[in-house]
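Colleague: Structure below; questions to follow.
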């Protein structure tokens, strides 16, 4: 107890002003040996608003209640919320799958969306949410299943009513069950060639089979369809039994967020969830150890799909969940994952053996946890695996000798306190989902559930115990690469692998690795902030757009002091227009190499800053290079200054060039093995935008680039530099000017070039009444999925056209998913949306499917054609709900400074300076009638005058049945050469600024 008090008193004076005070934390230690309950006629109150420890900016009201059926609910009243949300977490997951039915818990999750006794239509829930500006999702974890939704705040009660039926009276309709097996199978096939899923399942399969961690949790058509049928098992009955025997109210945690007061929310929860059956089921406990002795001290060689080179160390460790107040595992992951001088990664990078390192812990189940160290290797690193293993254990040995150190704990605690104190609101859907999951941790007092990120205690003995578990006898190592020996194949994903004992050459060295003089603890972090003053003004109406402070031949400066959230934070955006960087694909890839080398050289600075909740990034764009910085304003300008000085003084080294080039080649090559729907965007951009090239084109160019090319290119990068900046947050006007001037350190000439300043990104426009098709065979020969994006170009961009297109997108979103995914079962990935380029407005539908892509195109076209009639017949009331839902989405209040920053930077990047685009679009939509939209759909979506572009990414193992051959499909003129295709197109008009801004002397 005394140690906790002394720890708080040792903090800087400014932190003592926090609401996280000594008395508050002390109370937080004691009051939770029992619940401070209050009774009502309907429920027990287990936590009241005044008891919850909250961030300074959190004006929400909280109450934790327990219903008579033992279901517990956290109620959140937010008088300012535009969106209401709810989530329910069941403390049952895939670990409860029967051995003979892998994936049953996941299948159950899918089926609960498909109707219940109160609302039997399988599409009712999704349709209702869509009409009222909402959406839903769910996930199945190993020990929990989490369901959540959000929608416009006025419609919370009817949404909750539908939601409650998931748990009190699900139907598991036979027709829906039979169809949804295909969706689960498609979801699994989406992941079959994904190395993350493949290595995860391989790792699980090589653990103790007496523990359920080894199970295949997704399921597929064999485990849930074919095999049960052969065995005479009725899968619907199994689902009913699984739900009946596991979905017990006492294992459920509900979280509801709305504008209503806490009493109203409590009454609703009681009314709608009191009938969820309670079995008084115990939380499942899995006592078997995760690894047997025979499964440790093993080398696992794994062959990936992509060109990956990595080594991963896994250590079974003590479960740290009960030590949530001191977090010894976080203490160790902070040190082992450090990237600065004296760190493991710095040493491996100096040797040329590694490029990245991450470290962290994970609790698999109660009393079973692991700590992992993952290192991305270079080609040379793959040739020095034994040395890397020895170096890793030498670093761990250094930690065992030097730890614990209280100053490290104090830094981590200080950062956790300031992060919590100034935490801004998360979106309602993520808030309720995370809270519902957190509430399952009943060892944490509920009134501390908002503040679990705080480090409250220093526990040196547990730090020592934890680091001692990171030893070679308690380890397993997985080495991943294309050219490793393999002799086995994992059952579910087909991953090739081999398991051996640690080689004798290692076993001789590991017991006495000694200390490496290169390794030492990190230096104290200079970026930890201690001053958090904010000069808050009363009765200030927030401004909707920034001021333009400066606009000349060399730079443009936008500024806005934070007048909404009053946090001691800021965001800085510097967009540098650099004509040499985008003049050709060669220069574009040289710029990519340059940016990656800068980030590599300044990683020490960036990592120290990130540990203090400051972020700074360098990124290549189609206009040049961007710098973005964010965090506490006290030291943000210091960070920016140091970063710019690092860029200015950068001198490329050939040894790092070779490493960075190989890494870029690896990244580009691996992009060709991404899941197909993730590849569509790059292909689309290369077809319709200037300064965009295919992955293959970038890969071919990069292969031929040399260090001499880069050396010659670097001095030209900042010639004719024009930079445009935004300074947003807790900054003065004077500081904004100073930040703008800092960028001038990079200026190499003062030759004004208005062409650079006024240069804007351009997109191509397809001729009217044209249709084009681009086909590309996937590089991954084993991927069963193809993907098609069917796009209708509605015309040159205008605010009115974009507004109408967004309403069409709102109207078709749910019926498109319901038709192509739920009813026709074309694939797990079905997506429709507006796609605005730099000069055009488009409507697109994307489907990833095992089916022939030409057949899928025919189904997309059929849906779009049939929706024209559905729109005509849509009741006026339903149309108005869609329209109202979209308007309310557009007019949602900003909930944190980052959202405002994103809105401003988008307008600056597009150079239309439409800072109020959401409001302006909502104003246009308000005036639209159903008749307007029927006419618009007919004249733009269905009209043959609207041009079309279909992109087919095709599986090499695609099998076309005669049933899937549809006359007239695929459509469009085949594009055989992208450059030739673009050379025959006109450029669309650039987006114009919505108004003229004149420089002003801003004062809040």
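Colleague: Starting with the fewest neighbours, write out 711, 231, 577 ranked by other beta-carbon atoms found within 10 Å of each beta-carbon.
Modeller: Neighbour counts put them in this order, fewest first: 231, 711, 577.
Colleague: Give the separation of the Cα centroids, region 874-925 to region 939-1004, in Å.
Modeller: 24 Å
Colleague: Quick one: work out the % antiparallel among DSSP beta bridges in region 547-758, nearest 5.
Modeller: Roughly 80 percent of the DSSP beta bridges within region 547-758 come out antiparallel.
Colleague: Here's something else I'd like to know. By average Cβ neighbour count within 10 Å, what is the ranking of 893-902, 335-344, 280-289 from highest down?
Modeller: Working: 893-902: 18.1, 335-344: 20.2, 280-289: 13.1.
Descending packing order for the listed peptides: 335-344, 893-902, 280-289.
Colleague: Order these peptides, 253-263, 793-803, by their mean beta-carbon neighbour count within 10 angstrom, highest first. Numbers along the way, then the final one.
Modeller: Working: 253-263: 22.2, 793-803: 19.7.
In descending order of packing, they fall as 253-263, 793-803.
Colleague: Then there's this: Rg over Rh of region 764-987, using C-alpha atoms and the Kirkwood radius, what does it come to?
Modeller: Ratio of gyration radius to Kirkwood radius for region 764-987: 0.98.
Colleague: Roughly what % of Cα-Cα distances in region 640-692 sit above 18 Å, to the whole percent?
Modeller: That fraction is 61 percent.
Colleague: Kirkwood Rh over Cα pairs of region 145-198 into Stokes-Einstein at 4 °C, 1.567 mPa s: D in µm²/s?
Modeller: On the way: Rh = 14.2 Å.
Using the Kirkwood radius from Cα pairs, D works out to 91 µm²/s.
Colleague: Can you sort 692, 419 from fewest to most other Cβ atoms within 10 Å of each residue's own Cβ? Can you show the working numbers first?
Modeller: Details: 692 22, 419 15.
So the ranking, lowest neighbour count to highest, is 419, 692.
Colleague: May I ask for the Rg/Rh ratio of region 73-149, computed from Cα atoms with Rh as the Kirkwood radius, given to two decimals? Can you show the working numbers first?
Modeller: Working: Rg = 14.7 Å, Rh = 14.1 Å.
Radius of gyration relative to Kirkwood radius: 1.04.
Colleague: Let me ask another. Per 5 Å bin, what is the whole-percent P(r) computed from every C-alpha pair distance within region 547-758?
Modeller: Computed distribution, short to long bins: 1, 7, 14, 17, 18, 16, 14, 10, 4, 1, 0.
Colleague: Now a separate question. Helix-derived [θ] at 222 nm for the chain: sum -39500 (n - 2.57) over DSSP H runs of at least 4, divide by residue count, nearest 500?
Modeller: -11500 deg cm²/dmol
Colleague: Oh, and also: Post the alpha-carbon centroid distance, region 695-770 to region 140-209, in whole angstrom.
Modeller: Region 695-770 and region 140-209 have Cα centres spaced 44 Å from each other.
Colleague: Where does region 294-443 land on the Kirkwood hydrodynamic radius, alpha-carbon pairs, in angstrom?
Modeller: After inverting the mean inverse Cα-Cα distance, the result is 17.9 Å.
Colleague: Of all DSSP beta bridges located in the chain, what percent are antiparallel, nearest 5? Before the final figure, lay out each step's value.
Modeller: Details: 118 of 144 bridges.
If we restrict to bridges inside the chain, about 80 percent are antiparallel.
Colleague: Order by neighbour count: 497, 632, fewest other Cβ atoms within 10 Å first, most last.
Modeller: Working: 497 22, 632 25.
Arranged by neighbour count, lowest to highest, 497, 632 become 497, 632.
Colleague: Just to be sure I understand, if you calculate semi-axes √(5λ) of the Cα gyration tensor in Å for this structure, which of (i) 40, 39, 34; (ii) 45, 38, 30; (iii) 49, 35, 32 do you get?
Modeller: Checking each listed value against the structure points to (i).
Colleague: What Kirkwood hydrodynamic radius, in Å, does region 479-520 give when the mean of 1/r is taken over all pairs of distinct Cα atoms and then inverted?
Modeller: Taking the inverse mean of 1/r over all distinct Cα pairs, region 479-520 comes out at 13.5 Å.
Colleague: Here's something else I'd like to know. If one computes the Cα centroid of region 618-653 and of region 530-595, what distance in Å separates the two points?
Modeller: Centre-to-centre distance over Cα atoms comes out at 12 Å.
Colleague: With the calculation restricted to Cα positions, what are the radius of gyration and Dmax of region 416-456 in angstrom?
Modeller: Expressed in Å, the Cα Rg and Dmax of region 416-456 come to 10.7, 28.
Colleague: Please state, rounded to one decimal and in Å, the Kirkwood hydrodynamic radius that region 35-273 gives when every pair of distinct Cα atoms enters the mean of 1/r.
Modeller: 19.2 Å
Each reported figure results from applying straightforward, stated rules to the coordinates on display, with no laboratory input. Computed from a prediction, not measured in an experiment: that's the story for all the values here. Every residue, glycine as well, gets a Cβ built from its backbone with ideal geometry; the counts of neighbours run over all protein chains shown.
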